[in-house]
Each structure stands twice: as C-alpha cells, then as structure tokens.
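Okay, so here's the structure we're looking at.
Every read-out reported here was derived from the displayed coordinates using simple, explicitly stated rules and does not represent laboratory data. Because the structure is a prediction, the values reported are computed rather than measured. Cβ atoms come from the backbone with ideal geometry, glycine included; neighbour counts cover every protein chain shown.
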Amino acid sequence: MARTQKTAVLAPLRIHTVSLTPDVAATLKDLQQECSDQLGRTVSASAIVRALLRLAARQSPPVADITMLISDEVDTGRVWGWRAGQKQPKRSPPRGSRGSPFL
C-alpha cells in the first residue's frame, strides 16, 4: 500500500492593496523577472513582497532608515496615511457593493 505524503498546512493569505509609483512598479517587475528566471517558474508580485517582508523581519533594518525613506516621499508631496490626531474622512462603499468588501 502506498503512503500518502502529508502536505504542509499553509497560513491563510490576507489581501492588501499596495500603491506603487511607476518607477517602484518597474523595479518590482524587474525583480519578479529575475526571480522567475532563477527559479524556472513564474513568481508573483505578492510572493516578492512577502519575501521582502520576511527578509526585513529576519535582518531587522533600522527603523530610522525606513522612516527616512518614508519622509523623503512625504517631502515630495506624496501622502502616506494620516497625521496623529487628524480625523480620517468617512468613505462610502463603492456603488453596487451593498457594503460587502468582496463585491
């Protein structure tokens, strides 16, 4: 009788939307292609982002470096989030969605 292999239980994925500038999107696409070429299979942008976050968690980059990069973008006029104490505007659900995040 053949033994069946147990498959690893994978953690569920959560969906997040990420906004990228054209130059950062091009960098992500180039990295995707390089990884795909090296692995011999298609690598998704999500897999790249997850790998980069795991790498950052493993190497624990200085928060000062990360905040400096964020500050550089804010200084150019790009807005990331809300300032402390600032009230966020209420957003209405898209038309026809009836409030469901899955439509």
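Structure data summary
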item	result
Distance (nanometres) between label positions extended 7 Å along Cα→Cβ at S44 and S60	3.1
Gyration tensor verdict on segment 22-75 (Cα atoms; rounded if a/c is under 1.5, prolate if a/b is larger than b/c, oblate otherwise)	oblate
Ordering of 59-66, 32-39 by packing [mean C-beta count within 10 Å, highest first]	32-39, 59-66
Counted charge near D37, where neighbours are those whose Cβ lies closer than 15 Å (Asp, Glu -1; Lys, Arg +1)	0
